[in-house]
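Enquirer: Here it is: the structure, laid out below.
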Amino acid sequence: MNRTDESRVMELEEIHTLALSPAVAASFAALWSDDDKISVITEKGLHVMAGADKRWKGMQEYCKTRLTFFKGTFEKAVCCMWLIFLLQTVPLVAGGNITSSVFGLVTGVRPAAFGDFNSDELTDLFVIRGKKKNTMEIMLAREQEPLFQAGHGLSCMYSDMHITSVVPGNFDGDAHLDLLVTALNKTDPHSPTHIFISWGGVNHINCSNVTAMYKMKNQPLVLDYNHDMVVDLFGENVEGNRTFVVFNANRSIPPQLVPMMPAERSKDPLRVPHSHAFLDLNRDFTSDLLLSTKVGFELWLANKNGELALNGTIELPVGLTTEQIGQSLFLDLELTGEMYHLLPVCFDGFKDCLPCRNSTLFAYVNGKWHNLNPDLRDGTGQVWGFYRCSGHPYTDTVTLRGGDFNMDGYPDILATLMKNSHSKVFLLENVESLSGSLSRTYTIHGDSLASMNNDTTMAAFYDLYQDGVLDVILYGPDTVQAFRNTLDYDANFLKVMVLTGTDRGGNLPGPGISCRTTTQEGYPRLALTTQLPQSAHFSLGLPYTIFGLGRTPKFVDTLTVGIAGRSKPWTQIIPNSQMVVIPSPLDQTSKWRAQLFITPSKMILMSAVALTGTCGLIIAIIGALYWKEKREDRIEKLQEAHRFHFDAM
């Protein structure tokens, strides 16, 4: 570094000794005072630094050497415009705590489910609140802060009950979201699960909170059994018989109880708590049924008419029992167009409320289990593990939640881990595997949620600002928090939602969605996902899918939606857009509709700002030069007028 460069280097003296990160993503988080001190608010406190006068002198020197064609006040104005342009175009933070902007003062709620209840194209939040946790309430999403606000009259109380789950769905085909609420009797914790259906309407809900509609041994799975776009249920009745509860478009007609077809090898009891799933597993565009039993898994394949037949069983990884596994998760791990069955495992067995000493993740694909050997070490080298804590919200099961956090196309995972009785939510990033039978694995991604991640027990993905980037909603201890994911680069996305055959009905379980793109290197890439494949035990699935496209600003080659044995592709989809698919009529794919809503990316907005600023700067320069030239012409004319002409003598 030469002396000229040294004069421009910022020389600061730190008065308050704390790590200057992470910064707060808010206005007026940094201030340059009149006494030449810089104050910066971070998540760890207030930092005050001296030496700002030297920095300003350095910046003045930079402007003098780089902007030599400007003088005086105009030079300072151009310098300030250049600094403003840099501040507008350079990202300053990577995320932060935005709980107050999202929830305001209402933080004592327990997230239960997502869905667009009032059909305003914003995904609302269904929560459990109250000291006894016996009240279900709908918090409506808004575009202004706070982003969630409790709806007037949109709550139901279930006396003497303890709510265990909330599942939105269209149970009567009227295009309005209804609510399935499961609860246990507080006086008898071993009682069967009570099932209530609260019917939704236009900005109101009819609470059915007195008498349970049904009772089951466990929480039911929500699915569309007969492909009529009306949501149904599956579970074991109190006698232990597997039963479908088939709803219809007329509330006055009681739902039909359909026993599951008896089949050989299907006598194993279902696991409690279960991780059943309703998704397409053989790529025929028809959702199949995967059941978790006390010895493994059963695969029931469906035909176009919805008739299920037992195809086979899937044994657990060698040497494992159901006491050593958690809840299943289904992701396209390697972007091969296949759904991988992911399973969290504790080799030494789960002990109540104690961390597992030897945790791993298994992935089942092409008839074989693969140990992913994830790296569960944090930034300090401490090894964390899965855990299960009976009777506690969210942790009575080991539940993983998937989503593309960094928008690179590969699905990441939110997992709750424990070490020495201290629980934390970690982001497990999908990374390349240098060893192992599969090309991808998972590793703890630093501590992305460090600023607010203290004894948290649950985290779920959610697009808070409708910008196609997945943010995070966390819970614990006894409070809900929100984390904004502000990427340090501009990534593209495609957001897809499949409705129940109308312009408003949402939360349709089971549709398969595939996205075919071309990478920057020219290689084809196929990503596959399923909308709402699971519903029980606070799975907290989103009623939409976000495909991360990375930094590829190209058209999406093909987007295909499959449901009930039928499919329709759409080609050349504009990136950074939301696509709403309405598959109606179901048997006439040529009439399926898709509505596309374009979301400008940050780079487009910044480019617009930069272009506007550049044009303004050019106009100012041209005006200044024109004014300067006119002034010189005027001076020259005056000099010419006063010049003594010797020729005239």
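Enquirer: In the list Pro533, Pro583, which residue meets the criterion of being surrounded by 14 or more Cβ atoms within 10 Å (Cβ to Cβ), within 30 Å of Thr164 (Cβ to Cβ) and not β-branched (Val, Ile, Thr)?
Expert: Only one candidate passes the filter, namely Pro533.
Enquirer: Still on this model: Please go through the range 105-160 and pick out each residue that is over 21 Å from Met458 (Cβ atoms) and part of a strand (DSSP E or B).
Expert: Within the range 105-160, Leu140, Gln149, Gly151, His152, Gly153, Leu154, Ser155, Cys156, Met157 meet the criteria.
Enquirer: Restrict the check to the range 212-231 and report whether at least one residue is touching a Lys or Arg at 6+ places or on another chain (Cβ under 7 Å) and either modelled with pLDDT of 95 or more or open to solvent by 50 Å² or more (accessible area, probe 1.4 Å) (or both).
Expert: no
Enquirer: I've got another one for you. Counting only residues that are open to solvent by 10 Å² or more (accessible area, probe 1.4 Å), closer than 26 Å to Asp396 by Cβ and within 27 Å of the chain's Cα centre (by Cα), how many does the range 135-167 have?
Expert: Adding up the residues that qualify gives 5.
Enquirer: Related question: In this structure, does Leu427 turn out to be within 24 Å of Arg142 (Cβ to Cβ), among the hydrophobic types (A, V, I, L, M, F, W, C) and under 19 Å from the mean Cα position of the chain (by Cα)?
Expert: Here the answer is no, as Leu427 does not meet what is asked.
Enquirer: Only residues that are open to solvent by 80 Å² or more (accessible area, probe 1.4 Å) and within 33 Å of the chain's Cα centre (by Cα): list them for the range 259-275, please.
Expert: Val272
Enquirer: Among the candidates Ala309, Ala363, which residue alone is touching a residue at least 60 places away in the same chain (Cβ under 8 Å) and either over 21 Å from Lys424 (Cα atoms) or in the same structural domain as Pro511 (by the TED database) (or both)?
Expert: It is Ala363.
Enquirer: Between a residue in the range 607-635 that is under 30 Å from Asp490 (Cα atoms) and any residue that is in a helix (DSSP H, G or I) and open to solvent by less than 60 Å² (accessible area, probe 1.4 Å), which pairs come within a Cβ distance under 7 Å, given they are 6 or more apart or on different chains?
Expert: So the pair list comes out as Ala610/Thr89.
Enquirer: Considering each residue of the range 228-248, count those that are assigned to a loop (DSSP other than H, G, I, E, B), touching a residue at least 40 places away in the same chain (Cβ under 8 Å) and farther than 17 Å from Gly506 by Cβ, and give that number.
Expert: Result for the range 228-248: 2.
Enquirer: Is one or more of the residues making up the range 554-568 modelled with pLDDT under 90 and either open to solvent by 30 Å² or more (accessible area, probe 1.4 Å) or touching a Lys or Arg at 6+ places or on another chain (Cβ under 8 Å) (or both)?
Expert: Within the range 554-568, one or more residues are modelled with pLDDT under 90 and either open to solvent by 30 Å² or more (accessible area, probe 1.4 Å) or touching a Lys or Arg at 6+ places or on another chain (Cβ under 8 Å) (or both).
The values are calculated or read from the model by the stated rules, or taken from the named source; none is laboratory data. Nothing here was measured: the structure is a model prediction, and the numbers come from that model. Please note: Cβ atoms are built from the backbone with ideal geometry, for glycine as well, and neighbour counts cover all protein chains shown. These accessible areas exclude ligands, DNA and RNA; they are computed on the full protein's heavy atoms, side chains included. Shrake-Rupley method; radii C 1.70, N 1.55, O 1.52, S 1.80 Å.
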